[in-house]
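A.B. asks: I am attaching a structure below and will ask some questions about it afterwards.
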Amino acid sequence: MSRPKAAKTLRFQPAGGERKALPVGKKQVLNIERLAHDGRGIAFFEGRTWFVSGALPGEQVQVQVLAARSKVVEAQVVAIQSSSPERITPECQWVGQCGGCTLQHISHAQQISLKQNNLAEQFNREGVTPLAWAEPLVGSAFAYRRRARIAVRYDVKQKQVQVGFRGLASTAIVEVHNCAVLVKELQPLFAGLTTLFNGFQQPQALGHVELFSGRSKALLLRHTQALHVDDLQQLRAYCAGHNAQLWLQGVGEPQPDQTGQTLSYQLPAFALDIAYQPGDFVQVNAQMHEAMIAQALDWLAPQADECVLDLFCGLGNFALPLAQKVKEVVAVEGVASMLLRANINAVANQLNNVHFYHADLSTSLRDHPWSRQSYAAALLDPPREGALAVVTDLAKMKVARIVYVSCNPATLARDAALLIARGYRLDKVGVLDMFAQTGHSEAMALFVKKEAVKS
């Protein structure tokens, strides 16, 4: 993908006092020394640390500057002068342009190892050592994404609609025609979008598209103004031809094009059906999602006479399987709309021993009546910011067993250090392969309250 000739220039003060310009687009030859936690190669040159997408340790590469701040430079490989024997050929032809999958030049096994090492490094920084490292929970390397956001832009000068994904460290759209990590059910629905939108009477009304696969397929179009009647008719025909629901969003919440349309996914191992709407948080990897729930319940070891607390419960992903195994589940969520659907899901799945509550989980739990009862175990699945306030209160509540699912190893390690300081031991922790081909990491940890230790 070509870049504009007029490069942006970034200036900083190098050692020695002289100001030196480092333009975006500048090319440089570097020797890569090691990998960063997200899979980028690291090189050191002229007093700066370079993070290079698409590079491996031991390689000599020509790179192009994407951005710079202070003494840190972000860059991408444009030519490999000396290749590592560990390098593999990517499955996708758009690697290096599309910003979605940045680890396709690394084997799947090495990706897992990279994420395990990152997790261990974060725990080491906090002085935390688990009693055991669990085997990584691994899924398919490709064709796993059941949900995707597709970028759409009408180029006024070219009078053409661009459809694809955002570029690496760029807002430009890379016109991808198929996606190696998208589930096969969504590939035909994705592949025809460029032709469809370039036939619209009013393409400037287009926002972006989201695709969903579950019990049924769906296409959500976000639009910035009312759709032309002919365009809407084409869109309806396109979705019907692909046996997909159509959802639309202008101002306000997404709405189904036809009354009665619903979206849901199944958890076959638990005989559960989970309803959702576009905008709700849904794990993109169905295979790993179900495996993650099974492992969480196995680690938590819920008993039939116990009351369990589920925090950041979302649509009931963990709460409903837990309710099949225990006396009572108290589930708490900060997003009111998702909590409403979680209640609906409990009723639809005939589970009356799970009770849902709305609360801001970035603050203390102690003001809520449900926090004053006794819980044998707790499960939490917070956002990237972690759950510092929550784990502080769980320690005060003396919850015996805690399973913590994390999408950020750094905040998991921070929260683990707090729990250990409050009288817990970290029994085990392991990586979950939720986002293959990317630098994103997911992990799970089990904490057990030490007996006769005051929190």
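Each reported figure results from applying straightforward, stated rules to the coordinates on display, with no laboratory input. Quick caveat, the model's predicted, so the values are computed rather than measured. Virtual Cβ from ideal backbone geometry, glycine too; neighbours counted across all protein chains shown.
A.B. asks: Students often forget the sequence filter, so: which aspartates and glutamates lie under 20 Å Cα-Cα from K27 once same-chain residues fewer than 8 apart are removed?
C.D. replies: Correct list for K27: E46, E59, E74.
A.B. asks: How high is the FRET efficiency from V251 to D230, r the C-beta distance, R0 30 Å, rounded to 0.05?
C.D. replies: That pair, V251 with D230, gives E of 0.85.
A.B. asks: Compare the Cα positions of Q116, V161, A43 along the charge dipole of the chain (+1 at Cβ of Lys, Arg; -1 at Cβ of Asp, Glu; about the Cα centre) and return the one farthest towards the positive end.
C.D. replies: A43
A.B. asks: Considering the zone a paramagnetic label at K325 would reach in this model (a point 7 Å from Cα along the Cα-to-Cβ line), which residues of region 420-450 have amide N under 16 Å from it?
C.D. replies: Taking a point 7 Å out along Cα→Cβ of K325, the residues of region 420-450 whose backbone N falls under 16 Å are 428, 444-448.
A.B. asks: Hey, fewest Cβ within 10 Å first, where do L232, L394, L426 land in order?
C.D. replies: Sorted ascending by nearby Cβ count, the order is L232, L426, L394.
A.B. asks: Applying 1/(1 + (r/R0)^6) with R0 = 41 Å to the Cβ-Cβ distance of S107 and A301, what FRET efficiency is obtained, to the nearest 0.05?
C.D. replies: 0.75
A.B. asks: Further, regarding this structure: With just the Cα atoms defining each centre, how far is region 39-80 from region 358-418? Give it in Å.
C.D. replies: Here the answer is 38 Å between Cα centres.
A.B. asks: For the chain, max minus min Cα coordinate along each principal axis, in Å, sorted largest first?
C.D. replies: Principal-axis extents of the chain (Cα, largest first): 67, 63, 38 Å.
A.B. asks: K450: which lysines have alpha carbons under 18 Å from its alpha carbon, excluding same-chain residues fewer than 8 sequence positions away?
C.D. replies: Excluding near neighbours in sequence, the set is K396, K398, K428.
A.B. asks: What order do you get for 361-367, 81-87, 273-279 when each peptide is scored by the mean count of other beta carbon atoms within 10 Å, highest first?
C.D. replies: So the order, starting with the most tightly packed, is 273-279, 361-367, 81-87.
A.B. asks: Less than 13 Å Cβ to Cβ from T392, Lys/Arg counted +1 and Asp/Glu -1: what total charge do the surrounding residues give?
C.D. replies: Within the 13 Å Cβ shell, the charges total +3.
A.B. asks: Could you tell me how far the Cα centroid of region 272-338 sits from the Cα centroid of region 191-245, in Å?
C.D. replies: Here the answer is 32 Å between Cα centres.
A.B. asks: Pulled fully out, how much extra length does the chain show between N178 and H368, if you take 0.36 nm times their separation in residues and subtract their Cα-Cα distance?
C.D. replies: 63.6 nm
A.B. asks: Additional query: Contour minus end-to-end for D273 and N117, with contour as 0.36 nm per residue of separation and end-to-end as the Cα-Cα distance?
C.D. replies: That works out to 52.6 nm of additional length.
A.B. asks: While we're here: Under a crude label model (7 Å from the Cα following the beta-carbon direction), how far is N124 from K398 in nanometres?
C.D. replies: Each label point is offset 7 Å from its Cα along the Cβ direction, giving 3.7 nm.
A.B. asks: Ok, one more. Where nothing but the Cβ of Lys and Arg (+1) and of Asp and Glu (-1) is charged, how large is the charge dipole of the chain around its Cα centre, in debye to the nearest 20?
C.D. replies: Rounded to the nearest 20 debye, it is 1340 debye.
A.B. asks: Based on Cβ point charges of +1 for Lys and Arg and -1 for Asp and Glu, what charge dipole magnitude is obtained for region 320-386 about its Cα centre, in debye rounded to the nearest 20?
C.D. replies: My answer is approximately 200 debye.
A.B. asks: Within a 10 angstrom radius of the beta carbon, how do D381, D280 rank from fewest other beta carbons to most?
C.D. replies: D280, D381
A.B. asks: Under 15 Å from the Cα of K325, which aspartates and glutamates turn up, not counting those fewer than eight places away in the same chain?
C.D. replies: D298, D305, E306, D310
A.B. asks: Another question, then. Describe numerically, in nm with one decimal, the distance between label points set 7 Å from Cα along Cα→Cβ at T195 and at L388.
C.D. replies: 5.3
A.B. asks: Is there a quick way to get the dipole size of region 375-455? I mean about its Cα centre, with the Cβ of Lys and Arg at +1 and of Asp and Glu at -1; what is the value in debye to the nearest 20?
C.D. replies: 480
A.B. asks: Please give the net charge around A269, taking every other residue with its beta carbon less than 12 angstrom from that of A269, where Lys and Arg add +1 and Asp and Glu add -1.
C.D. replies: After counting each charged neighbour, the total is -2.
A.B. asks: When Lys and Arg each count +1 and Asp and Glu each count -1, what net charge do the other residues less than 12 Å away from S113, Cβ to Cβ, add up to?
C.D. replies: -1
A.B. asks: Let me ask you something else. I want to check the label-to-label distance for T171 and H37. Put each point 7 Å from Cα in the C-beta direction and report it in nm to one decimal.
C.D. replies: 2.9
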